[in-house]
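The values are calculated or read from the model by the stated rules, or taken from the named source; none is laboratory data. All figures in this text were calculated on a predicted structure; none of them were measured in a lab. Cβ atoms come from the backbone with ideal geometry, glycine included; neighbour counts cover every protein chain shown. Please note that ligands, DNA and RNA were not included when accessible areas were found on the heavy atoms of the full protein model with its side chains. Shrake-Rupley method; radii C 1.70, N 1.55, O 1.52, S 1.80 Å.
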Amino acid sequence: MHFPDFDAQEFLREYWQKKPLLIRNPWAEWRNPAEPDELAGLACEEGVESRLVTGGETLTLEHGPLEDDRFGALGTAPWTLLVQAVDHHIPAVADLIEPFRFIPNWRIDDVMVSYATDNGGVGAHFDQYDVFLIQGLGRRRWELGDPCNEQTALLPHEDLRLLAEFEPREEWVLEPGDILYVPPGIAHRGTAIGDDCMTYSVGFRAPSRRELIEEWTEDLLGEMSEDDRFGDPDLEMQPNPGEISAQTLSRLHQMVAEKLNDQDRFARWFGKYATTPKPSALDWRPEHAITPEEVSIALQSGTTLVRNPASRFAFVQQETESLLLYVDGEAIECSGEAAVFARTLCASPLVETTLSSATTQPARDLILSLVNRGCIAFEEPEN
């Protein structure tokens, strides 16, 4: 799915992480992909991350799972329900990600869906990631303010990061199908106009420097030995024994730097880190492990392979004919036809198995492994 009049290259050049952009209904035909009752049902399930924000001037946050009768007890005051990773549960919501595939897969997080009653919202705030806000049902007023950072004053609130001061600079009312792109750090506030207001937030991950250093060094430490120690067999007398010499400091720094600066090792680690799924990822593993013969039969019938919407796929190119395929935090070495198929699998959530690269033995072995791990599945034929 692509927007016919949307120039992705221009967007990346002029707007991505630079300034907001309002896109009036670019869909060929907009259809709201989830019903309010479906969202409420997900919010009541264990393992689904959900939040309920209630109140007008003073907001209160309640974490799910919610009781079935919670919504009937809310009364007439404004409220907003937010449910994370709805794309993992409703295929039509997962389809909303497809127009934004010009952003690398590893950056895509999930689709959060909100439902709000009249005047409902979560207050003025800012996010540390990019987001496309798609209006699904009803209307919502979006007000955008100034750029924010870690020094920006926040209200004292136990659960919500609300801005202490907010002055709107731009304002739009979004109708169903409209999209608003908001870069990281831009203050914004969304307010429902009328009941049955649904918004789909396609969010993107942006690891912090602290997070990268912490996770990368933790991974390195896991394979280091206590026997790998500093040595100075060429030690010489120095005028003052209290001095830590420049030569010593250089050698100690090199001990650390040569590990941290191993780019190949970092690439192998980052592929696993970037594709680690959410804790609530869907379990698509078959009840009984499929066999190579069953894979061959399915491929001969020309079936379609479907990626688990909760699985993360990415690859790092190595030599000309080989790559490392990363799926849900694990690395798989692929070469030749398997590498060709792996690229296709990373590029689209649906893969036609009539492709020649999908029918080779290396590709079949890869399909067998991924199906039994629950990362992909054969599409069920329509009745």
- Could you say whether any residue in region 312-321 is modelled with pLDDT of 90 or more and farther than 12 Å from GLY271 by Cβ? no
- Query: Taking the condition in contact (Cβ under 8 Å) with a residue 60 or more places away in the chain and under 18 Å from LEU133 (Cβ atoms), does ALA116 pass?
  - Reply: yes
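Yes/no per residue for (1) over 30 Å from GLU46 (Cβ atoms); (2) hydroxyl-bearing (Ser, Thr, Tyr); (3) open to solvent by less than 20 Å² (accessible area, probe 1.4 Å):
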site: PHE270; (1), (2), (3): yes, no, no
site: ASP283; (1), (2), (3): no, no, no
site: ILE290; (1), (2), (3): no, no, no
site: GLU294; (1), (2), (3): yes, no, no
site: ALA310; (1), (2), (3): no, no, yes
site: LEU324; (1), (2), (3): yes, no, yes
site: ALA342; (1), (2), (3): yes, no, yes
site: LEU355; (1), (2), (3): yes, no, no
site: ALA358; (1), (2), (3): yes, no, yes
- Message: I'd like to check something: does region 226-243 contain any residue that is hydrophobic (A, V, I, L, M, F, W, C), in a helix (DSSP H, G or I), open to solvent by 60 Å² or more (accessible area, probe 1.4 Å) and at pLDDT below 95?
- Response: no
- Message: Return the pair list, or none, for Cβ contacts closer than 9 Å from residues in region 133-160 that are at pLDDT 95 or above and in a loop (DSSP other than H, G, I, E, B) to residues that are open to solvent by 60 Å² or more (accessible area, probe 1.4 Å) and of a type outside the set (Val, Ile, Thr), at least 6 apart or on different chains.
- Response: THR152/ASP146; THR152/GLU165; ALA153/GLU165
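Do the conditions hold for THR152, that is, is it open to solvent by less than 70 Å² (accessible area, probe 1.4 Å), polar (S, T, N, Q), farther than 22 Å from LEU21 by Cα and out of contact with any Phe, Trp or Tyr (no Cβ under 6 Å at 6 or more places or on another chain)?
So THR152 fits the description; yes.
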- Condition met for ALA85 (at positive phi, touching a residue at least 24 places away in the same chain (Cβ under 8 Å) and of a type in the set (Gly, Ala, Ser)): yes
- Message: Just to be sure I understand, how many residues within region 26-79 are open to solvent by 50 Å² or more (accessible area, probe 1.4 Å), under 24 Å from the mean Cα position of the chain (by Cα) and under 21 Å from ARG140 (Cβ atoms)?
- Response: 4
- Test: residue in region 80-89 that is over 17 Å from SER201 (Cβ atoms) and open to solvent by 30 Å² or more (accessible area, probe 1.4 Å): no
- Among the residues of region 194-214, is any in contact with a Ser or Thr (Cβ under 7 Å, 6 or more places away or on another chain), of a type outside the set (Asp, Glu), at negative phi and surrounded by fewer than 16 Cβ atoms within 10 Å (Cβ to Cβ)? no
